[in-house]
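The values are calculated or read from the model by the stated rules, or taken from the named source; none is laboratory data. Since we're looking at a predicted model, the values are computed, not measured. Backbone-built Cβ (ideal geometry, glycine too); neighbour counts: all protein chains shown. These area figures cover heavy atoms from the full protein model, side chains too; ligands, DNA and RNA do not enter into them. Shrake-Rupley method; radii C 1.70, N 1.55, O 1.52, S 1.80 Å.
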Amino acid sequence: MKIVKTIDEVRRQVKEWRAQGLTVGLVPTMGYLHEGHASLIDASHRDNDRTVVSDFVNPMQFGPTEDLESYPRDIEHDAKLVEEHGGDLIFNPEPEEMYHEGFSSFVDMTVLTQELCGLSRPVHFRGVCTVVSKLFNIVKPDRAYFGKKDAQQLAVIRHMVDDLNMDIEIIGCPIVRESDGLAKSSRNTYLSEAERKAALVLSQAIFLGKDMVKNGEKNCSVIIDAMKKHIEAEPLARIDYVKIVDCATMQQIGALDRPALCAIAVYIGKTRLIDNFFTEDV
Ligand code: AMP
């Protein structure tokens, strides 16, 4: 397993693999890897001859008041995890390697990015689409792996690949949770002990909503109200959104008459956490 810092080194390695007729999977991450990321690397290792993990805290997807500076980083820990899960190459560039002076081209998406996280994080998806496009152009993978944890991101990437005719298969992987239900996230490290306990309202609300769907509830506002009520009972929690949207368009719907995504974003103290379920997975 190798760690490289430059685009040239990635290209050289991938070219070598291609010359041997090998397939390549890509797992884009911002590092500080946990079992959620590991599940993506496992999936890529299963499906492809070689796996590239990008480990890059992408400044472009953070808003001016967000946690770019404090975002946790630990490349040595990441290297160990990637190696243990069969990854072959870590691409860990500095921001200047990805965004040279004068950088001025962006991938911008309408509609899908104008709901859910796109409303509270207006520059986020432009940063995500731009960096993922760049990674696709650098690595040229056969397949790329994304977690359903970031469900809107997964939908946006699928849509971008379709819109821009990128010849890459996008694989969505299930959410990996802590044993008490909290979705694993690099941002969980921000939580104090009390906040860590309070954060359980997210997964509890998700399980509550899932149960209601399982029991046949079709009215979205009934489900949303029950989930909100549960979260609001926790004094450390502040809801950003609790919404049910059409899976394909990310636009809100009133009734569960098509494949839908129920997504939530909640501040626990200063930390913004997300969770979700797809009705088709219920
Ligand atoms: P991040 O490093 O947070 O940008 O995440 C990199 C990739 O890992 C994204 O595709 C995420 O959706 C995925 N991921 C993060 N947390 C989890 C999790 N708990 N379960 C599954 N995938 C995850």
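Would it be correct to say that Glu101 is of a type in the set (Asp, Glu), open to solvent by 30 Å² or more (accessible area, probe 1.4 Å), more than 18 Å from the chain's Cα centre (by Cα) and under 22 Å from Val27 (Cβ atoms)? First the steps, then the outcome.
Numbers: of a type in the set (Asp, Glu): yes; open to solvent by 30 Å² or more (accessible area, probe 1.4 Å): yes; more than 18 Å from the chain's Cα centre (by Cα): yes; under 22 Å from Val27 (Cβ atoms): no.
Here the answer is no, as Glu101 does not meet what is asked.
Where residues in region 208-231 are of a type in the set (D, E, K, R) and touching a strand residue (DSSP E or B) at 6+ places or on another chain (Cβ under 7 Å), which of them is surrounded by the fewest Cβ atoms within 10 Å (Cβ to Cβ)? Even if it seems obvious, please write down each step before you answer.
Of the residues in region 208-231, the ones of a type in the set (D, E, K, R) are 210-211, 214, 217-218, 225, 228-229.
Retained after the next criterion (residues that are touching a strand residue (DSSP E or B) at 6+ places or on another chain (Cβ under 7 Å)): 210, 218, 228.
On the way: Lys210: 18, Lys218: 13, Lys228: 17.
Once the filter is applied, the top-ranked residue is Lys218.
Determine which member of the set Ser70, Ser39 is within 13 Å of the ligand (Cβ to nearest atom), open to solvent by 20 Å² or more (accessible area, probe 1.4 Å) and either over 25 Å from Pro174 (Cα atoms) or polar (S, T, N, Q) (or both).
Details: Ser70 fails: within 13 Å of the ligand (Cβ to nearest atom).
Exactly one of Ser70, Ser39 is within 13 Å of the ligand (Cβ to nearest atom), open to solvent by 20 Å² or more (accessible area, probe 1.4 Å) and either over 25 Å from Pro174 (Cα atoms) or polar (S, T, N, Q) (or both), namely Ser39.
What number of residues within region 232-265 satisfy the criterion of being open to solvent by 20 Å² or more (accessible area, probe 1.4 Å) and in contact (Cβ under 8 Å) with a residue 40 or more places away in the chain?
Count: 9.
Can you give me the number of residues within region 104-135 that are open to solvent by 50 Å² or more (accessible area, probe 1.4 Å) and of a type in the set (Val, Ile, Thr)?
Filtering region 104-135 for residues open to solvent by 50 Å² or more (accessible area, probe 1.4 Å) gives 104-106, 108, 110-111, 114, 119, 122-123, 126.
Those left that are additionally of a type in the set (Val, Ile, Thr): 110-111, 123.
Total meeting the criteria: 3.
Would you be able to tell me the number of residues in region 1-36 that are more than 16 Å from the ligand (Cβ to nearest atom) and more than 20 Å from Pro95 (Cβ to Cβ)?
Residues of region 1-36 that are more than 16 Å from the ligand (Cβ to nearest atom), as a first pass: 1-24.
Checking which are more than 20 Å from Pro95 (Cβ to Cβ) leaves us with 1-2, 12-24.
Qualifying residue count, region 1-36: 15.
Quick check on Ala151: is it over 27 Å from Val4 (Cβ atoms), surrounded by 14 or more Cβ atoms within 10 Å (Cβ to Cβ) and not hydroxyl-bearing (Ser, Thr, Tyr)? Give the derivation first.
Values: over 27 Å from Val4 (Cβ atoms): yes; surrounded by 14 or more Cβ atoms within 10 Å (Cβ to Cβ): yes; not hydroxyl-bearing (Ser, Thr, Tyr): yes.
Considered against the rule, which asks whether it is over 27 Å from Val4 (Cβ atoms), surrounded by 14 or more Cβ atoms within 10 Å (Cβ to Cβ) and not hydroxyl-bearing (Ser, Thr, Tyr), Ala151 comes out as yes.
Going by the conditions given, is Ile138 crowded, with 17+ Cβ neighbours inside 10 Å, away from the ligand (no atom under 14 Å from the Cβ), among the aliphatic types (A, V, I, L, M) and closer than 28 Å to Glu16 by Cα?
Working: crowded, with 17+ Cβ neighbours inside 10 Å: yes; away from the ligand (no atom under 14 Å from the Cβ): yes; among the aliphatic types (A, V, I, L, M): yes; closer than 28 Å to Glu16 by Cα: yes.
Judged against the criteria, Ile138 is a match.
Those residues that are open to solvent by 70 Å² or more (accessible area, probe 1.4 Å), within 16 Å of the ligand (Cβ to nearest atom) and in a loop (DSSP other than H, G, I, E, B), I need them from region 162-179; list them, please. Lay out the reasoning, then the answer.
Filtering region 162-179 down to residues open to solvent by 70 Å² or more (accessible area, probe 1.4 Å) leaves 162-165, 167, 169, 174, 179.
Cutting the leftovers down to within 16 Å of the ligand (Cβ to nearest atom) gives us 169, 174, 179.
Those that are open to solvent by 70 Å² or more (accessible area, probe 1.4 Å), within 16 Å of the ligand (Cβ to nearest atom) and in a loop (DSSP other than H, G, I, E, B): Pro174, Ser179.
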